[in-house]
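Visitor: Dropping a structure here in structure tokens format, bear with me for questions.
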Amino acid sequence: MARDRERSRDRDDRDSEFVDKLVHINRVAKVVKGGRRFGFAALVVVGDQKGRVGFGHGKAREVPEAIRKATESAKRSMLRVPLREGRTLHHDVTGRHGAGKVICRAAPAGTGIIAGGPMRAVFETLGVQDVVAKSFGSSNPYNMVRATFEALKKEDSPRSVAARRGMKVSTLQARRRDVDPEPVEA
């Protein structure tokens with residue numbers, strides 16, 4: 001009995017570290033002999049605001065139940081994204097899903113989150129403070145969220161690139177400066 005309470009408390013502590021945002025609710029109807037039966041589909045984004053984020057989809061006859069299912073689904077599909085200084089992306093990335101295409105760009109401190117609707121929810125729950133993002137094509141929230149996640153999967157940190165190449169981060173950055181020198185002002 002006490003063990004069950006401990007497990008429940010641990011689960012509550014783990015759940016409280018996540019922030020969830022409801023992105024979209026869709027009312028769907030099923031036509032039956034007596035009329036229409038209404039159900040709800042929810043799209044939720046969950047993150048810990050420290051570089052982990054996930055999204056989920058849930059369907060039920062009632063809105064709260066659909067949101068709960070979507071939240072559970074989002075927690076099962078979390079993705080870790082490396083952030084520069086814990087506030088922005090390391091480099092520019094693009095992602096696409098279906099007809100939706102997104103471009104996410106790193107931004108200087110103080111810029112804020114310049115992104116629309118579903119993309120903003122993803123960045124807020126991820127913990128990004130400065131980013132400029134643009135979506136093209138489909139404005140469907142499901143496609144925009146999936147395209148944003150495709151872009152975030154491509155995000156790479158200098159540390160992981162250096163480890164993959166078997167070199168030090170400082171060597172990698174020195175090579176980058178040799179290839180891409182800073183502009184000289186006259």
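The values are calculated or read from the model by the stated rules, or taken from the named source; none is laboratory data. From a predicted model like this one, the values you see are computed outputs, not experimental measurements. The area values use the complete protein model at the heavy-atom level, side chains included, leaving out ligands, DNA and RNA. Shrake-Rupley method; radii C 1.70, N 1.55, O 1.52, S 1.80 Å.
Visitor: Using a 1.4 angstrom probe on heavy atoms only, work out the carbon and sulfur share of the accessible area of the chain in %.
Guide: On the way: 5650 of 11830 Å².
Reported share for carbon and sulfur atoms: 48 percent.
Visitor: For the chain, report the accessible area per residue in Å² (1.4 Å probe, heavy atoms, rounded to an integer). Write down the numbers at each step before the final one.
Guide: Numbers: 11830 Å² over 186 residues.
Heavy-atom SASA per residue in the chain reads 64 Å².
Visitor: For q = 0.10 Å⁻¹, what log10 I(q)/I(0) does the chain give under the Debye formula with an equal point scatterer on each alpha carbon and no solvent?
Guide: -0.52
Visitor: Mind checking the angle between helix 141-153 and the chain's longest principal axis? C-alpha axes, 0 to 90 degrees, to the nearest 10.
Guide: Result, in degrees: 40.
Visitor: As a test of the formula, what do you get for the chain when each DSSP H run with n ≥ 4 contributes -39,500 (n - 2.57) and the sum is divided by the residue count, at 222 nm and rounded to the nearest 500 deg cm²/dmol?
Guide: Details: 6 runs with 71 residues, N = 186.
The helix-only estimate for the chain comes to -12000 deg cm²/dmol at 222 nm.
Visitor: Taking the Cα centroid of the stretch 94-150 and of the stretch 34-69, what is the distance between the two, rounded to the nearest whole Å?
Guide: So the two Cα centres are separated by 20 Å.
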